[in-house]
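Here the structure is laid out as structure tokens; the discussion comes afterwards.
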Amino acid sequence: MPERAAPPLRRLRAGIVGGGRGAFIGSVHRMAAELDGQALVVAGAMSADPKIARESAAAWFLERAYDSYADMALAEGVDENGIDFVIIATPNHLHYPVAKAFLAAGIHVMCDKPLALTVAEGQELVRLVEGGTTLFALTHNYTGYPSVRQAREMARSGQLGTIRKVMVEYTQDWLMEPLENRGNKQASWRTDPARAGLGGCVGDIGSHAENLLEYVTGLEIESLCADLSCVVPGRRLDDDGNILLRLRGGAKGTLVCSQIACGEENRLSLRVYGSEAGLEWHQQEPNTLIHKPAGKPWVRLRTGQGYMSEPAKTAARMPAGHPEGYVEAFANIYRGFIEDVRRVGSGQPPLRDYPGVKDGLRGLRFIERAVASSQAGSVWLRL
């Protein structure tokens, strides 16, 4: 596998696969990658349709456009002025083959979640990354919020005491109607097992909830009992889920995910309860973290204030009182990843302060076990 050394004193060159015309997430990736001025998206294979791929690249004023990701990986991998890392912003079924192609070319990878379509594919990517020199990051972007990093510091440093219960919820309403039958591109692939994988709602947003819970608490899910439903008639993948959790160390938890919850936009919420205090965070109000010490008044912690932890202050991009947003959280993942690309290019070890390939494998196992539990009649299964 060729090694790609990134000189430390130039802007990094990025490429993107997917994310073309009509895609929401591609533009988010581009804004996040370029926000700090450390990288520029210069190349792309932005659609499986060559015409759309070329038109999308032209609309972004990219220097190089490719008809396929295979052509892009081959060309960029041998060019000394080729890309330093690739962004994978495709439907789920393409994550594995695209990642594998660019890893083989010695190009660092930033991939949308889930890591792959199956656990077996995820295990293969873990093997490739651990056996090589390329970096791999996964955009569980909610871990980039300053208040989430504050929550992690507080939970993991023992400020809550022994963690006893965790409740995480991710609810939306955008799939409460059969949009996949009405020409909606995003709904079409997310409800198709061949392109989305085993899980629908549990894979699309439930995996974010699983990752957020483990990221903040440091406690892995040991077993689960899931009840997944297809509420919209004719839908082939779950659009609603209720899951009981048992965590390492004896804590219990619940995870609720739904894309048919009428009136909800993007309600990701986390509550952590310890023996001495609790924490509460809501993604739609991202600047506020509520600390609930036992027998004392609740404390409202605010992003950007000097009393926050160093990880939270480092992640804050706005003065206090200005909302930290989705793109900024995404960009914090990119900032850590780009710093590591520079570090390994100059012979230093990576810091890996972002979700990676092993986090992706845990997410795939969570999806697989949740689906298996539900199909077996909501039985307890080890993760």
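Taking the Cα centre of region 199-295 as origin and charging only Cβ (+1 Lys, Arg; -1 Asp, Glu), how large is the dipole, in debye to the nearest 20? Present the calculation step by step, with values, prior to reporting the outcome.
Details: 8 positive and 14 negative charges, 39 e Å.
That gives a dipole near 180 debye.
If neighbour count is taken as other Cβ atoms inside 10 Å, put LYS185, LYS51 in order from fewest to most.
LYS51, LYS185
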Next item on the list: Take ALA376, project a point 7 Å from its Cα along the Cβ direction, then tell me which residues of region 102-137 have their backbone nitrogen under 20 Å from it.
Entry: 118-120
Check: Mind checking which of ALA315, ALA120, ALA226 has the largest fluctuation in a GNM of the chain, springs on alpha carbons under 10 Å?
Finding: ALA120
Item checked: Computed over the chain, Cα set: Rg, Dmax in Å -> 20.5, 64
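Quick one: which of 165-172, 246-253 comes out on top by average Cβ neighbours within 10 Å, and what's the full order, highest first? Could the numbers behind the result be given before it?
On the way: 165-172: 21.8, 246-253: 16.5.
Per-residue Cβ counts within 10 Å, averaged per peptide and sorted highest first, yield 165-172, 246-253.
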Notebook entry, point to check: What list of whole percents do you get for P(r) of region 280-383, with Cα-Cα distances grouped in 10 Å bins up to the one holding the largest distance?
Noted result: 12, 26, 27, 26, 9, 0
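Tell me the relative contact order for the chain as a rounded percent, counting alpha carbon contacts under 8 Å between residues six or more apart. All intermediate terms of the calculation are to be shown ahead of the outcome.
On the way: 882 pairs, mean separation 77.5, N = 383.
After rounding, I find 20 percent.
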Next item on the list: Determine, for each peptide in 32-38, 155-161, 316-322, the mean count of other beta carbons within 10 angstrom over its residues, then list the peptides with the highest first.
Entry: 32-38, 155-161, 316-322
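So what are region 1-112's ellipsoid semi-axes, whole angstrom, largest first, if each one is the square root of 5 times an eigenvalue of the alpha-carbon gyration tensor? Could you put the intermediate results ahead of the total?
Numbers: eigenvalues 74, 52, 33 Å².
After scaling each eigenvalue by five and taking roots: 19, 16, 13 Å.
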Notebook entry, point to check: Once both axes come from the Cα atoms, what is the angle between helix 207-217 and the longest principal axis of the chain, in degrees from 0 to 90, rounded to 10?
Noted result: 60 degrees
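When N counts the residues of region 221-293, how does its alpha-carbon radius of gyration compare numerically with 2.2 N^0.38 Å, as a ratio?
Working: Rg = 15.1 Å, N = 73, 2.2 N^0.38 = 11.2 Å.
Working it through for region 221-293, the quotient is 1.34.
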Notebook entry, point to check: Which of the listed residues, VAL231, GLN305, ALA277, is farthest toward the dipole's positive end in region 230-383, when Lys, Arg count +1 and Asp, Glu count -1 at the beta-carbon?
Noted result: ALA277
Notebook entry, point to check: Based solely on its DSSP helices, what 222 nm [θ] is calculated for the chain when runs of n ≥ 4 H residues each add -39,500 (n - 2.57) and the sum is averaged over all residues, nearest 500 deg cm²/dmol?
Noted result: -10000 deg cm²/dmol
Next item on the list: Could you work out how far helix 146-156 tilts from the main Cα principal axis of the chain, as a 0 to 90 degree angle to the nearest 10?
Entry: 60 degrees
Next item on the list: Between ARG300 and ARG156, with labels modelled 7 Å along Cα→Cβ, what's the label distance in nm to one decimal, could you check?
Entry: 2.8 nm
Next item on the list: Go through PRO146, GLY18, TYR66 and say which Cα lies farthest out towards the positive end of the charge dipole of region 1-146; charges sit on Cβ, +1 for Lys and Arg, -1 for Asp and Glu.
Entry: PRO146
Notebook entry, point to check: Does anyone have the angle between helix 357-375 and the longest principal axis of the chain? Alpha-carbon axes, 0 to 90°, nearest 10?
Noted result: 60 degrees
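Once you have a ≥ b ≥ c as the square roots of the Cα gyration tensor eigenvalues for region 9-75, tell me rounded if a/c is under 1.5, and otherwise prolate or oblate according to whether a/b is larger than b/c. List each step's numbers first, then the result.
Values: a/c = 2.15, a/b = 1.37, b/c = 1.57.
Because a/c hits 1.5 or more and a/b fails to exceed b/c, region 9-75 counts as oblate.
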Notebook entry, point to check: How many times 2.2 N^0.38 Å is the alpha carbon radius of gyration of region 59-206?
Noted result: 1.27
Note to self: Along the Cα→Cβ direction, 7 angstrom out, place labels at ALA104 and GLU222. What is the inter-label distance in nm?
What the structure shows: 4.1 nm
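Based only on other Cβ atoms within 10 Å, what is the fewest-to-most ordering of VAL17, VAL344, VAL98? List each step's numbers first, then the result.
Values: VAL17 31, VAL344 18, VAL98 23.
In order of increasing Cβ crowding within 10 Å: VAL344, VAL98, VAL17.
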Check: Roughly how many nanometres apart are two label points built 7 Å out from the Cα toward the Cβ at ASP71 and CYS230?
Finding: 3.8 nm
Next item on the list: With only alpha-carbon atoms counted, please give the Rg and Dmax of region 177-280, in Å.
Entry: 15.3, 51
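Only counting other Cβ atoms within 10 Å, I'd like TYR215, TYR326, TYR142 sorted with the fewest neighbours first. Spell out each step's value before the answer.
On the way: TYR215 20, TYR326 17, TYR142 24.
Ascending Cβ contact count within 10 Å gives the list TYR326, TYR215, TYR142.
What order do you get for 121-131, 351-361 when each peptide is scored by the mean count of other beta carbon atoms within 10 Å, highest first? Numbers along the way, then the final one.
Numbers: 121-131: 16.9, 351-361: 20.6.
With the highest mean Cβ count within 10 Å placed first, the list reads 351-361, 121-131.
Every read-out reported here was derived from the displayed coordinates using simple, explicitly stated rules and does not represent laboratory data. Quick caveat, the model's predicted, so the values are computed rather than measured. Using ideal geometry, Cβ is built from the backbone for each residue, glycine included, and neighbour counts are taken over all protein chains shown.
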